[in-house]
Amino acid sequence: RIQQTGQLEKILEGRTHIIWTGGEPLMPSNRESIITFLEYMRKKFGGNNIYNEVETNGTNIVEENFYDDYIHQVNCSPKLANSGMEYSSRVNSLALQQINKQQNSWFKFVVSDEEDVKEMNSDYIEKEGLYTSKVILMPSVDKLSELSERTRFVYEMAKKYGYRASTRGQILAWDKVTGV
């Protein structure tokens, strides 16, 4: 199907990114599948320029060469207490440090209120040493009717604390629709 739509050429040229997401792509079995697929693509299509991004929660340590050999961009969304997860389940210092060292890595935090931003500062910026230049705040919202107000809030927090901010493009485009 990819060949029929012309997407294969765009992927091989790096014009269309492959984004590894869903569940946790850096779990060992998923990581192994990514490597197997990319090695197959290298063998079949030679000197391709496939651009790979990975969406992770930052809890899995990877082999030293994994990012250098396979991944061009790491998009990490660490969880805050508002996720309902225990601290020990959502924070892996070694994995976060490994991601933080990658030149093209980002840390996206979904925040509801200023307490979330303060928790992020304490648990991730101060304790884990994440580079503030790599932090992006996003509003915790899943309804178009609330997006404008929550985006304004996030931009105010970004100005106050010196971070980047973004809105939720998928909500702008599709509201609460899933599986798009």
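Between the exposed loop cleavage positions of the chain, defined as trypsin sites (Lys or Arg not before Pro) in a non-H, G, I, E, B DSSP state with at most 16 neighbouring beta-carbon atoms within 10 angstrom, the longest gap is 16-100.
Which whole DSSP H helices in the chain pass both tests: a Cα extent of 20 Å or more along the axis and a mean Kyte-Doolittle value no lower than -1.0? Please report the intermediate quantities before stating the final value.
Working: long enough: 28-45 (25 Å, -0.68); 144-161 (26 Å, -0.77).
Correct list, ordered by number: 28-45, 144-161.
Sorting Leu172, Leu12, Leu26 by accessible area puts them as Leu172, Leu12, Leu26; the probe is 1.4 Å, largest comes first, and only protein heavy atoms count. Computed with the Debye formula from one identical point scatterer per Cα of the range 3-86, without solvent, the log10 of I(q)/I(0) at q = 0.22 Å⁻¹ comes to -1.10.
Would you mind getting the accessible area per residue of the range 103-158, heavy atoms of the protein chains only, 1.4 Å probe, in Å²? Write down the numbers at each step before the final one.
On the way: 2720 Å² over 56 residues.
Per residue, the range 103-158 has 49 Å² of solvent-accessible surface.
To the nearest 10, the accessible area of Thr36 is 90 Å² with a 1.4 Å probe. Ranking Ile50, Ile136, Ile19 by solvent-accessible area of protein heavy atoms (1.4 Å probe, all protein chains present), from largest to smallest, gives Ile19, Ile136, Ile50. Taking the accessible area of the range 35-176, probe 1.4 Å, and keeping the other protein chains in place, the carbon and sulfur fraction comes to 48%. Across all Cα pairs in the chain, the calculated P(r) in 5 Å bins from zero up to the longest distance comes to 1, 7, 15, 18, 18, 16, 12, 8, 4, 1, 0 percent per bin.
The values are calculated or read from the model by the stated rules, or taken from the named source; none is laboratory data. None of these values were measured; they are calculated from a predicted model. Positions of Cβ are backbone-derived with ideal geometry, glycine not excepted, and every protein chain shown enters the neighbour counts. Each accessible area value is taken on the protein alone, full model and side chains, heavy atoms only, with ligands, DNA and RNA left out. Shrake-Rupley method; radii C 1.70, N 1.55, O 1.52, S 1.80 Å.
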